Amino acid sequence: MANIAKKVSWSSRAEESGAAGERTPLFNGSEQPRLSRQLSGGGSVFQIGRLSTVDLEEEITSDEDSLRGRPKEIPHNEKLLSLKYESLDYDNIENQLFLEEERRMSYMGFRCLEISRWVVCGLIGFLTGLIACFIDIAVEELAGIKYRVVKQNIEKFTEVGGLSISLILWAVLNASIVMLGAIIVAFFEPIAAGSGIPQIKCYLNGVKIPRVVRLKTLVVKVCGVICSVVGGLAVGKEGPMIHSGAVVAAGVSQGRSTSLKRDFKIFEYFRRDTEKRDFVSAGAAAGVSAAFGAPVGGVLFALEEGASFWNQMLTWRIFFASMISTFTLNFFLSIYHKNPGDLSNPGLINFGRFESDSGAYNLYEIPLFIAMGAIGGLLGALFNVLNYWLTIFRIRYVHRPCLQVMEAMLVAAVTATVSFTMIYFSNDCQPLGPEHNEEYPLQLFCADGEYNSMATAFFNTPERSVRSLFHNQPGTYNPLTLGLFTLTYFFLACWTYGLAVSAGVFIPSLLIGAAWGRLFGILLASITSNGSIWADPGKYALIGAAAQLGGIVRMTLSLTVIMVEATGNVTYGLPIMLVLMTAKIVGDYFVEGLYDIHIKLQSVPFLHLEAPATSHWLTAREVMGSPVTCLNRIEKVGTIVDILSNTSTNHNGFPVVVQVTGSDEPAKLCGLILRSQLIVLLKHKVFVELARSRLTQRKLQLKDFRDAYPRFPPIQSIHVSQDERECMMDLTEFMNATPYTVPQETSLPRVFKLFRALGLRHLVVVDDENRVVGLVTRKDLARYHLGKHGLEELQVAQT
Amino acid sequence: MSLHKNSPFLVLLVLSTYALASSVGGNLTASDSADKLKQSLSLSPAAPVVVGVDSTVFKPGVDSLFSLNLLSSFPEDLEISDYCSDLLHIFGQRYVAYVNCLVTAARPVKVCQNCFSSYGSLMNIYTNISSDQMGPGNVSCRDSLLRSDHLMLVYLLYSNMEDIWTKSACDNCIKGFQSLTNDTLYFISTLNQTLTCFEKYQQGNHTELCKDCKNAYRDLNELYSRMETNLTMCIDIEDSMNMTRRLWSKNFNCSFPREETVPVIAVSSFMLFLPIIFYLSSFLHSEQKKRKLIHPKRAKSYTTLMNIQDKLS
């Protein structure tokens, strides 16, 4: 890709000084590395190119001035940070209002809060379970109708001829159902596309993804996932369940719906980012546990993805939500299956029971499992690389909603076509089993009483296919069928992920893995003379599924537990863990996990667990944004309005300073105030002059801030008259009087740790006299990452 | 008898159980010498269901058992009553009859049609044994026959037969152990029609068979699938249908041929061609999405540089 912008290299790798000259054309001549310095230590060259452009204003020539007039445009790539993402305010704003409210609260009040946290978690679990149940039943019923119609059609045309009509019927049915799902996603809520796990990961990391936890998103997500699974795409409904759980949590914990304009006047205390995010992690856990019947896996997922902020009580509450969710689902599914009260039917994807004797494994099989893990890692890396290129292409060229809908329809039609062709040309016939594992057996050209074995894999919802791969008798599939199936499904799944439909990648990965795992098992049995010791190909299917899934998503702890819980057999813990470990090690050698790739491609300022290695030499001074827009403690309203209205600098936090009388020096820091707070203050017209004239005016309370949360009105909607512009505003009461600060010399990893551990949004950099010199935000930190050529810097872009 | 080896710490209990069991056998053999051989065979724990085994193999064993039993005898109240031993005797006879019937009906499977009456009578006698109603002389045979030892042979034997019966789903074809259900009879007659049709053409051309018997075969198939959904099916019907299908598909080769390969390939290659066009056209005609770069405010770099220089010097 020649048009990816040049990255600034921070590595200490020796570079020819001529290299700078070579690169110049890529910059269109505007961004020539201006400063390169020779450091001691082997003549290494640092190029600090981009940093200089803005700041050296006095040096800018008239030629460059004209270039700066229009912003530079580059094609979308992974090395960008988007402006549209903001941080969550995880850190508590300890202003005077907050302290006052806390003082007023009685002991009982705190007890009630604690209890209502539990109630909210219970509700989250319950509702998530209900949604999972709804999705499951809807998919089962609708897919049942579709497959019956197609099956009847195929049966009819097998007899009289004209099977190509069945093929067209199948393709058209798929395409039209998927069209429905794609339209609601592409036109109404694009954030509902995909599995939603990357978005939830970002949210738990502390990034506010716009509209990700809205009610509308939930509705679109649920309908979308039903459409895409029923439409026969190579997708699963498990990933979206996690997103749905998170939305439910965010909604329930607030006790109101801004979309529906209903306020139940409950849980008002929870209306801030700190509390909401805790509940969202519980919701994500509930989603996982409903999807896989894995309550512990759900908790571990929440911990693994949102690991920086949790404590024992939170974990325990998350676990409660997970349990409730699983068993709500079980209860309602038991009613649906006309077996009310049976709580032992686990999860949306039910791996079925692995009998302990048929699935026993032995020490000599462990190396085989590890080898399978390596294969899974390789295939997963291939999957991710292919999907990466495809996604870049999609972002660049298929960005119009109608094109996205068309693409989804095409994928659906092609999926049906490929499946049909596979089934049509398959010669693998198997006798019908007595217990009818095959929901929709297709006979086609098989003898009577037999069915087409390829059809059990393709002519079915992906989950059922997984289950039949795990559990069908040895000899149900012949190796050729499995090989072809793996190959086609691999490419179909890879092509499908990233479409504008809401759909998960868990099930397709499991299916691919189960297919080649089973193939592996069958081949093992055939090459050894004594086939009986490798008797059960289902066991290898399970291991293959774990390997493939681990190779694609690269989750470790939570995925192991999820797999173990979904199979309901603890003895598989060791092989699954080994397999996932191998898959991750092998896969990470080539490329990152699928979710991380997508997070990167969405230009999200995501903070990883630790600062990039070799970044200790960077100090806060280089990292921070400067100069900082500061506010005086008693500031003119006009100034505030002007600052907030300035579209070019969309700042969110403003250090509050006190001017040292009679000096030109920057003033000393005394607090930090957020844009959202200022907007609420402006809206309520908390001006010094007005307070004097109307002594009885109600004092602003924390409640007023909560009522505006989370959708604070934009500054444009607040009317400030000319007279009011001259008024003054006293910020003392409202600002956070004790913001975190660091000295200029603090190293990047240290700043990073503070951010990650405390969930900060703004970190003020001060000099030795407590004067503001800069402000570190999430984007300042997230832009450094370790690339192939050492430390690289991402660019900020408008998306 | 391996009980002795397996649980030496329960010797006392096991000994008494063993003695009781053998005394039952002894009594029976003594009371009815004509049936002696047969009976001890069917009651022998070593071969509860095996019937066709050469009886001479067991003869010495039975004899030694008998001679041993004479040595030990139990007080009156521990032995079973005559009534119960009669019941046991009848049970044995009917058991043998049923098993005989099953074996002869094993292939092709006709276990329901042929053996339902013998199963009915076996069930009858077992119900008698296991009922808690007192027989003549105020004795209940349930405890003495079924529950006095942990082998529970009579129960075991019966439950084996019961398993076979449930597995073959014969209840679906039998009406109160009297006769076959109407559905079953109808199925059998339809099946016979089809088979006669097959026989008529068997020697000649198979394509003719496929054409002429198609109607009969299709009716049979439809009837079968109706019965499948109604759950009015037993193993006999299933098996005969399987055989007929195999005849039809494998022997006579009447399955549908794969004829329309060309249209299917044409349609699917058209479908596969569409995405290529789509991606090409969107690559060529859609404008590429560009991102506007924004240059964040940063501290003046030369201060940084100065600083580094300071540090270095």
- Message: Output needed: percent of Cα pairs per 5 Å distance bin for the range A:108-336, bins running from 0 to the one holding the longest distance.
- Response: 1, 7, 14, 17, 17, 14, 10, 6, 5, 3, 2, 1, 1, 0, 0, 0
- Prolate/oblate/rounded call for the range A:90-225, Cα gyration tensor, a/c under 1.5 rounded: prolate
- Message: Within 10 Å of each Cβ in A:163-172, how many Cβ atoms from other chains are there, averaged over the peptide?
- Response: 3
- Query: Taking the simple approach of a point 7 Å from Cα along Cα-to-Cβ for both A:Ser106 and B:Asp82, what is their distance in nm?
  - Reply: 8.9
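Can you tell me which of A:591-597, A:175-181, B:160-166 comes out highest on packing, and rank the rest after it, using the mean Cβ neighbours within 10 Å?
Details: A:591-597: 20.4, A:175-181: 22.7, B:160-166: 15.6.
The packing order, highest mean first, is A:175-181, A:591-597, B:160-166.
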- Helical mean residue ellipticity (222 nm; -39500 (n - 2.57) per DSSP H run of 4+; nearest 500) of chain A: -17000 deg cm²/dmol
- Given a Förster distance of 51 angstrom, what is the FRET efficiency for B:Asn182 paired with B:Ile277, based on the Cβ-Cβ distance and rounded to 0.05? 0.25
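Per residue of B:259-269, count partner chain C-beta atoms within 10 Å of its C-beta, then hand back the mean as an integer.
Average per residue, whole number: 5.
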- Task: Return the long-range amide H neighbours of A:Ser87 (sequence gap of 5 or more, or a different chain), with a cut-off of under 5 Å between placed amide H atoms.
- Result: A:Lys208
- Does the range A:538-587 classify as rounded, prolate or oblate by the C-alpha gyration tensor (a ≥ b ≥ c root eigenvalues; a/c under 1.5 gives rounded; else a/b over b/c gives prolate, otherwise oblate)? prolate
- Just order A:111-119, A:405-413 by mean Cβ neighbour count inside 10 Å, highest at the front, would you? A:405-413, A:111-119
- Message: What percentages make up the Cα-Cα pair-distance distribution of the range B:134-290 when the bins are 10 Å wide from 0?
- Response: 8, 20, 17, 15, 13, 11, 9, 4, 2, 1, 0
- What's the center-to-center distance, using Cα atoms, between the range A:590-641 and the range A:512-586 in Å? 40
- Here Rg/Rh (Cα, Kirkwood) for the range A:570-699 equals 1.22
- Would you mind checking which residues have amide H under 5 Å from A:Val766's amide H? H placed 1.01 Å from N; only 5 or more apart, or other chain. A:Val742, A:Gln744, A:Val773
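Taking the Kirkwood radius as the inverse of the mean 1/r across Cα pairs, report the Rg/Rh of the range B:182-251.
Looking at the range B:182-251, the ratio lands at 0.98.
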- Note on the structure: In units of 2.2 N^0.38 Å, the Cα radius of gyration of the range B:79-173 is 1.16
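How shielded is B:280-291 by partner chains, expressed as the average number of their Cβ atoms within 10 Å of its Cβ atoms?
Numbers: counts 0, 2, 10, 4, 1, 2, 6, 4, 8, 11, 9, 19.
For this peptide, the per-residue mean of nearby foreign Cβ atoms is 6.
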- Linear extension gain, B:Asn124 paired with B:Arg258, 0.36 nm per residue minus alpha-carbon span: 42.8 nm
- Query: What fraction of the DSSP beta bridges in chain A is antiparallel, stated in percent and rounded to the nearest 5?
  - Reply: 80
- Message: Strictly over 19 Å apart at the Cα level, which of A:Lys600/A:Lys753; A:Lys208/B:Lys297; A:Lys779/B:Lys292; A:Lys79/A:Lys276 would you flag in this model?
- Response: A:Lys600/A:Lys753; A:Lys208/B:Lys297; A:Lys79/A:Lys276
- Using only the Cα atoms of chain A, build the gyration tensor, take square roots of its eigenvalues as a ≥ b ≥ c, and label the shape rounded, prolate or oblate: rounded if a/c is under 1.5, else prolate if a/b is larger than b/c, else oblate. prolate
- Item | Highest average packing first - A:81-91, A:451-461, Cβ atoms within 10 Å | A:451-461, A:81-91
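Values in this text are rule-based calculations from the coordinates and carry no lab data. These figures come from a predicted structure and were not determined experimentally. No Cβ is skipped: glycine too gets one built from the backbone with ideal geometry, and neighbour counts run over all protein chains shown.
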